[in-house]
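The values are calculated or read from the model by the stated rules, or taken from the named source; none is laboratory data. Note that the structure is a prediction, hence the values are computed from the model and not measured. Glycine gets a Cβ as well: all are built from the backbone with ideal geometry, and neighbour counts include every protein chain shown. Side chains included, ligands, DNA and RNA excluded: accessible areas come from the protein's heavy atoms. Shrake-Rupley method; radii C 1.70, N 1.55, O 1.52, S 1.80 Å.
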Amino acid sequence: SRRVSGSLNGEGLRVGIVVAEFNDFITSRLLEGALAGLEAHGVSDDDVTIASVPGSFEIPLISKKLAESGQHDAVICLGAVIRGETDHYNLGAGEATKGIANASVSSGVPVIFGVLTTDTLEQAINRAGGKQGNNGYGAAVAAVRMANLVRAID
Ligand SMILES: O=c1[nH]c(NC[C@H](O)[C@H](O)[C@H](O)CO)c([N+](=O)[O-])c(=O)[nH]1
């Protein structure tokens, strides 16, 4: 049998990042983590494009546009949907998740889900550079691996 895997070598890869401004106390840290992860894996800063959107609900459209542009080998989506009193949480989180998955499958370009969906701000903080690490960094590693895996398969 043959194994096809996505290498961790990000040299030459072009990566788009869509980051939500809502909860920017959290999302700015996710962005820092993602940029650190890309750099640690050899992606040149010149090959990284960052697009800011108002909130996670707007991520699907811009991630789809970046993916379909043909200018990026992967797109990373960063946001923080924190369950507040409003049921905005359920609507936003579900739509963002579905929209991001659709952007990837419909474009054929890896679109990485780096949107925190937590009950509390503390949980989000812990996943944006706190005790549980930084989800942004993990999203960057997934982006490199998926971009290389798609290249290996195509
Ligand atoms: O990214 C988020 N956007 C949120 N709302 C804004 C939404 O994403 C859109 O930007 C807004 O509805 C305008 O379309 C959130 N809440 O309302 O709770 C949230 O927790 N996270």
* From (1) among the hydrophobic types (A, V, I, L, M, F, W, C); (2) modelled with pLDDT of 95 or more; (3) within 16 Å of the ligand (Cβ to nearest atom), pick out the condition that doesn't hold for F57. => (2)
* Considering only the range 28-40, state which residues are within 16 Å of the ligand (Cβ to nearest atom) and either farther than 23 Å from K64 by Cβ or over 11 Å from the mean Cα position of the chain (by Cα) (or both). => S28, R29
* Test V141 against the criterion of being more than 16 Å from the ligand (Cβ to nearest atom) and surrounded by fewer than 20 Cβ atoms within 10 Å (Cβ to Cβ), and give yes or no. => yes
* Where in the range 5-117 are the helices (runs of 4 or more DSSP H), entirely inside, with at least 1 residues that are open to solvent by less than 60 Å² (accessible area, probe 1.4 Å) and under 16 Å from R145 (Cβ atoms)? -> 24-40, 88-107
* Asked: Say we look at the range 124-136 and pick out the residues that are in contact with a strand residue (DSSP E or B) (Cβ under 8 Å, 6 or more places away or on another chain) and outside any strand (DSSP E or B); which of these is surrounded by the most Cβ atoms within 10 Å (Cβ to Cβ)?
  -> G136
